[in-house]
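Colleague: Below is the structure I would like to discuss, written out as structure tokens.
The values are calculated or read from the model by the stated rules, or taken from the named source; none is laboratory data. Note that the coordinates shown come from a computational prediction; the quantities given were computed from them, not determined experimentally. When we count neighbours, we look across all protein chains shown, and the Cβ atoms used for this are built from the backbone with ideal geometry, even at glycine. Surface accessibility is based on the protein's heavy atoms, side chains included, excluding ligands, DNA and RNA. Shrake-Rupley method; radii C 1.70, N 1.55, O 1.52, S 1.80 Å.
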Amino acid sequence: MEPYPGDQPPFVPGIDSAELMERVGDDLDLFWDVLGEFSDAYRDTPVQIAQALAQDTDTARQLAHTLKGVLGNLAATELFPACAALHEAIREGQPERYPPLLATLSAGIPALCDAIAAVRSGVSGDRPNPGPSVVPDWLAERYAALAVALAGHRARDCKALADELAAADVGAAQRPFCTELHGLVSAYRFKEAQALLEQHLTA
């Protein structure tokens, strides 16, 4: 068992890490194993559900039910409600509810998998091809450029800047913020990303 340092478990955007850590008995190795298995097995499940809805609603309902259970066990506070609502919509035969819920899961599940990988590699210190160490001026410039891109909803620029920040060696103090910001941008949640960035810059 690998204990986690300090009083706080690793921060993973979209996951209640404290609740998940409690469920795995404060075992950090098991914590990452559970999240890794999720990333390996469920990244494409929203696509599978969408495909099944066009052919076999029973299969789609079962896939949604399984994903709902997994997200609940992971304490995935942001995605579990959407998956639970989709499962209910399929069960109740309400196809008009499918598109927005599928869109949330189709963007959110891969983003969560990416966030898990980014945080895990940062914790273990074995990130492949780490970005350069940054200086304050470089970081300030990137934050300013991202603020402008977020305000203008320029998706390509937002993603490029968020990816650059996530890859750079921003230091332990900035890492959780950059990881959370990257997860929000990857999920196209630009308003939330903009609010997070503004809060960070004024702190």
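Colleague: If you take the residues of the range 81-92 that are touching a helix residue (DSSP H, G or I) at 6+ places or on another chain (Cβ under 8 Å) and either open to solvent by 20 Å² or more (accessible area, probe 1.4 Å) or not in a helix (DSSP H, G or I) (or both), which of them is farthest from residue 180 (Cα to Cα)?
Modeller: 91
Colleague: (1) under 18 Å from residue 10 (Cα atoms); (2) open to solvent by 80 Å² or more (accessible area, probe 1.4 Å); (3) assigned to a helix (DSSP H, G or I); (4) not β-branched (Val, Ile, Thr): which one isn't true of residue 78, the others all being true?
Modeller: (3)
Colleague: In this structure, does residue 144 turn out to be under 23 Å from residue 104 (Cβ atoms), of a type in the set (A, V, I, L, M) and either over 17 Å from the mean Cα position of the chain (by Cα) or surrounded by 14 or more Cβ atoms within 10 Å (Cβ to Cβ) (or both)?
Modeller: Working: under 23 Å from residue 104 (Cβ atoms): no; of a type in the set (A, V, I, L, M): yes; either over 17 Å from the mean Cα position of the chain (by Cα) or surrounded by 14 or more Cβ atoms within 10 Å (Cβ to Cβ) (or both): yes.
No.
Colleague: Just checking, which of 76, 64, 84 is of a type in the set (A, V, I, L, M), farther than 19 Å from residue 188 by Cβ and in contact with a Gly (Cβ under 9 Å, 6 or more places away or on another chain)?
Modeller: 84
Colleague: Right, here's the next one. For the range 94-109, how many residues meet the condition of being free of Cβ contacts under 8 Å to residues at least 12 places away in the same chain and either crowded, with 19+ Cβ neighbours inside 10 Å or among the small types (Gly, Ala, Ser) (or both)?
Modeller: Residues flagged as free of Cβ contacts under 8 Å to residues at least 12 places away in the same chain and either crowded, with 19+ Cβ neighbours inside 10 Å or among the small types (Gly, Ala, Ser) (or both) within the range 94-109 amount to 1.
Colleague: What pairs can you find where one residue is in the range 21-45 and charged (D, E, K, R), the other is surrounded by 13 or more Cβ atoms within 10 Å (Cβ to Cβ), and their Cβ atoms are less than 8 Å apart, with a gap of 6+ or different chains?
Modeller: Filtered contacts from the range 21-45: 23/73; 23/75; 26/4; 43/109; 43/110; 43/113.
Residue-wise test of (1) open to solvent by less than 20 Å² (accessible area, probe 1.4 Å); (2) in contact (Cβ under 8 Å) with a residue 12 or more places away in the chain; (3) touching a helix residue (DSSP H, G or I) at 6+ places or on another chain (Cβ under 8 Å).
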position	(1), (2), (3)
162	yes, yes, yes
167	no, yes, no
173	no, no, no
181	yes, yes, yes
188	no, yes, yes
194	no, yes, yes
199	no, no, no
202	no, no, no
